[in-house]
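The block underneath contains the structure these notes are about, expressed in structure tokens.
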Amino acid sequence: GQQLNQSPQSMFIQEGEDVSMNCTSSSIFNTWLWYKQDPGEGPVLLIALYKAGELTSNGRLTAQFGITRKDSFLNISASIPSDVGIYFCAGHPSNTGNQFYFGTGTSLTVIP
Amino acid sequence: GAVVSQHPSWVICKSGTSVKIECRSLDFQATTMFWYRQFPKQSLMLMATSNEGSKATYEQGVEKDKFLINHASLTLSTLTVTSAHPEDSSFYICSAGSPPMNTEAFFGQGTRLTVV
């Protein structure tokens, strides 16, 4: 199936620093989702985006739906140790379709 | 958000036996559920789309006779790994799309399968 390109693949940052990651696709998506996965757990939805250009926040997290509808960005401000995990983007090509396509993941390590 | 429950969380089985994994939507009805496989430090790989009342749709390269999917009700889909082998050991995760437009996916907690 289709896979989205996500970067960076991994990040090692100091506590308190800001984090940015992005996701790109070769095709247009109507929905962008960002998930966080802790080891041994299923992904948990962080932010959902439905319109091109939309900017949505959830606490220290902010995500944007790219204007071209082929990319999305996630920012985490003032990182804390519990932000550690793997972050996945996911795209939905149609609001009435079925499949969600996932990014390759960004592994985040926060150094206290 | 919607709650999806997956059971069991982990299972160890002998090579050649079959294992059934359940995925339930607890507070909503899901006409469509998805089954993923995830290898360590890798992304989720879609295996199949489970459709209530009809046959599942399998992704290319996924053996439908090996990974049996049944979606008999609007709140339950099952994945049965038949004649399991050590290479089937993996983390299996299900998800369900949020009704009515399936615009978000909510995941179960995953099942760690180890075949010995």
Practice prompt. Could you check residue A:55 against (1) farther than 24 Å from residue B:50 by Cβ; (2) aliphatic (A, V, I, L, M); (3) within 14 Å of another protein chain (Cβ to nearest Cβ); (4) without any contact (Cβ under 8 Å) to a residue 40 or more places away in the chain and say which number it fails?
Written response: (3)
Worksheet item: Which of the residues spanning the stretch B:85-105 are assigned to a strand (DSSP E or B) and either buried (at least 22 other Cβ atoms within 10 Å of the Cβ) or of a type in the set (Val, Ile, Thr) (or both)?
Response: B:92, B:93, B:94, B:95, B:96, B:97, B:105
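Among A:6, A:99, which is within 12 Å of another protein chain (Cβ to nearest Cβ), of a type outside the set (A, V, I, L, M, F, W, C) and under 11 Å from the mean Cα position of the chain (by Cα)?
Residue meeting the stated conditions: A:6.
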Discussion item. Looking at the stretch A:56-68, can you tell me whether even one residue there is surrounded by fewer than 20 Cβ atoms within 10 Å (Cβ to Cβ) and among the hydrophobic types (A, V, I, L, M, F, W, C)?
Written reply: yes
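Is it the case that some residue within the stretch A:22-31 is aromatic (Phe, Trp, Tyr), over 30 Å from residue B:113 (Cα atoms), modelled with pLDDT under 95 and crowded, with 21+ Cβ neighbours inside 10 Å?
yes
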Worksheet item: Can you tell which of B:49, B:78, B:82 is surrounded by 15 or more Cβ atoms within 10 Å (Cβ to Cβ), among the β-branched types (Val, Ile, Thr) and closer than 23 Å to residue A:48 by Cα?
Response: B:49
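The values are calculated or read from the model by the stated rules, or taken from the named source; none is laboratory data. Model, not experiment: these values are computed from the prediction. Glycine gets a Cβ as well: all are built from the backbone with ideal geometry, and neighbour counts include every protein chain shown.
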